[in-house]
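I'd like to ask you about the structure that follows.
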Amino acid sequence: MTDLPDRPTLPPYAEAMGIAIERSEKTTPILTMDFAEHVQGRPGYLHGGAISGLLEMAGFAALKAHLDAEDSNRELKPINVSIQFLRGGKSQMTYAAGRIHRVGRRNAHILVEAWQDDRENPIASAVMNILIAPAEN
């Protein structure tokens, strides 16, 4: 477990949701989202949209970290995102991390999990397919 040397920035949406990059495990960023009123769904539980947003940000952060390691300047565009809600997210800190399954020249396949107390017992997971396009200047 190490800190990210040049901590990547997250988009304004992530900041509005209270999502932050806490640390990195090898090259994979671990994102966090603390429970707050603006991410609450039913009383005492996270809103599904907040969980989805955390998963999506973790997937993009993992892919960006992978591409930055290759010194690649590319634009990332979602093709599809499939979310599986496994259990309710309680009123506590939530973590998420993406795992790169495959990266090609034009697309990437990423698996993402969100958990709270126990990483082996996720609250939600996602499968993401991302288009990798040359950056437009």
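The values are calculated or read from the model by the stated rules, or taken from the named source; none is laboratory data. Here the structure is a predicted model, which is why all the values come from computation and not from measurement. Note: ideal-geometry Cβ built from the backbone for every residue, glycine included; neighbour counts use all protein chains shown. These accessible areas exclude ligands, DNA and RNA; they are computed on the full protein's heavy atoms, side chains included. Shrake-Rupley method; radii C 1.70, N 1.55, O 1.52, S 1.80 Å.
Within the stretch 27-47, restricting attention to residues that are open to solvent by 30 Å² or more (accessible area, probe 1.4 Å) and in a helix (DSSP H, G or I), which residue is farthest from LEU10 (Cα to Cα)?
Residue satisfying both the conditions and the ranking: GLU37.
I've got another one for you. Of the residues ILE21, ILE100, which single one is more than 21 Å from VAL127 (Cβ to Cβ), surrounded by 16 or more Cβ atoms within 10 Å (Cβ to Cβ) and aliphatic (A, V, I, L, M)?
Going through ILE21, ILE100 in turn, the sole match is ILE21.
Another question about this same structure. Which ones in the stretch 54-97 are surrounded by fewer than 20 Cβ atoms within 10 Å (Cβ to Cβ) and of a type in the set (Gly, Ala, Ser)?
If the condition is that a residue be surrounded by fewer than 20 Cβ atoms within 10 Å (Cβ to Cβ) and of a type in the set (Gly, Ala, Ser), then ALA65, ALA69, SER72, SER82, GLY88, SER91 are the ones that fit.
I'm checking my understanding of the structure. Among residues of the stretch 103-117 that are closer than 24 Å to TYR45 by Cα and at pLDDT 95 or above, which one is surrounded by the fewest Cβ atoms within 10 Å (Cβ to Cβ)?
Here the residue is LEU111.
Step by step: first the residues of the stretch 12-26, then only those that are in a strand (DSSP E or B) and of a type in the set (Gly, Ala, Ser), then the one that is modelled with the highest pLDDT. Which residue is that?
ALA20
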